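Structure first, commentary second.
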Amino acid sequence: MDVMAKTSTTTQGLRAAIERSGYYPALVAEAVEAAVGGEPVRSYLVHQETTFDQNEVRRHVTVLVLTDTRFIVSHTDEQAADSTSPTPYATTSTESVKLGRISSVVVSRVVANPESYTPGTLPREVVLTIGWGAVSRIDLEPAACGDPNCDADHGYTGNSTADDLSLRVSEAGDGPETVRQALAFAQAISEATADATR
């Protein structure tokens, strides 16, 4: 299969995955396609999640797309009617990040019965965390010394963590194909960011 045919197949697969999610596919596809523009799609991941917020059930979808030069994140949320809108509404946003800006790709795998793990076995769940410096979280706490009788002010100590995107998929909740797709996307973006730094 030549590169042009593969690119066309990948783009069609992305559109089909958005439609399969069933979550406002016309809205989500339009936002993603506008962000991608004319660039070929190298890899993608579509993840729909349902959350429970007090007495409400809320759905949202995240679409990750890798092109030759960029990493694109699209997120769509639905909102119930409120004081600003008499009808339910959806908010969709996209962010486009140059591959050279990505500073970390973390893939955490959870496997059952690790003592009998066979290479190639699908993990039970995958958490993909990608950092590019847009969001940092700082956790501070009062610093202390080892003396239990010391009442001096030692300032603060803490950690700064880049945590721009963290996405969890599981075999039980999302199905094995979504877990496979998450691993394939993680590998593709890891390779692309390595290439971008050369």
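Checked against (1) out of contact with any Asp or Glu (no Cβ under 7 Å at 6 or more places or on another chain); (2) open to solvent by 30 Å² or more (accessible area, probe 1.4 Å); (3) hydroxyl-bearing (Ser, Thr, Tyr); (4) outside any loop (DSSP other than H, G, I, E, B), Thr62 passes all but condition (2). Scoring Pro123 on the criteria (1) assigned to a loop (DSSP other than H, G, I, E, B); (2) open to solvent by 90 Å² or more (accessible area, probe 1.4 Å); (3) touching a residue at least 12 places away in the same chain (Cβ under 8 Å); (4) of a type outside the set (Phe, Trp, Tyr) leaves a single failure, condition (2).
Among the residues making up the range 1-18, a single one is modelled with pLDDT of 60 or more and open to solvent by 100 Å² or more (accessible area, probe 1.4 Å): Gln12. In the range 21-28, the condition of being within 16 Å of the chain's Cα centre (by Cα), outside any strand (DSSP E or B) and at pLDDT below 95 is met by at least one residue.
Based on this model, can you work out whether Val57 counts as outside any loop (DSSP other than H, G, I, E, B), more than 19 Å from the chain's Cα centre (by Cα) and β-branched (Val, Ile, Thr)? Yes: the conditions hold for Val57.
Ser43 meets all of the listed conditions (1) in a strand (DSSP E or B); (2) surrounded by fewer than 16 Cβ atoms within 10 Å (Cβ to Cβ) but one, namely (2). Screening Thr50, Thr76 for residues that are surrounded by fewer than 15 Cβ atoms within 10 Å (Cβ to Cβ) and either among the charged types (D, E, K, R) or not in a helix (DSSP H, G or I) (or both) leaves exactly one candidate, Thr50. A search for C-beta distances below 7 Å between a residue of the range 182-198 that is closer than 11 Å to Val126 by Cα and assigned to a helix (DSSP H, G or I) and any residue that is open to solvent by less than 40 Å² (accessible area, probe 1.4 Å) and modelled with pLDDT under 90, counting only pairs 6+ apart in sequence or on different chains, returns nothing.
The values are calculated or read from the model by the stated rules, or taken from the named source; none is laboratory data. Not measured: the values here are computed from a predicted model. For neighbour counting, all protein chains shown are included, and Cβ atoms are generated from backbone atoms with ideal geometry for every residue, glycine included. We work out accessible area using only protein heavy atoms, side chains counted, and drop any ligands, DNA or RNA first. Shrake-Rupley method; radii C 1.70, N 1.55, O 1.52, S 1.80 Å.
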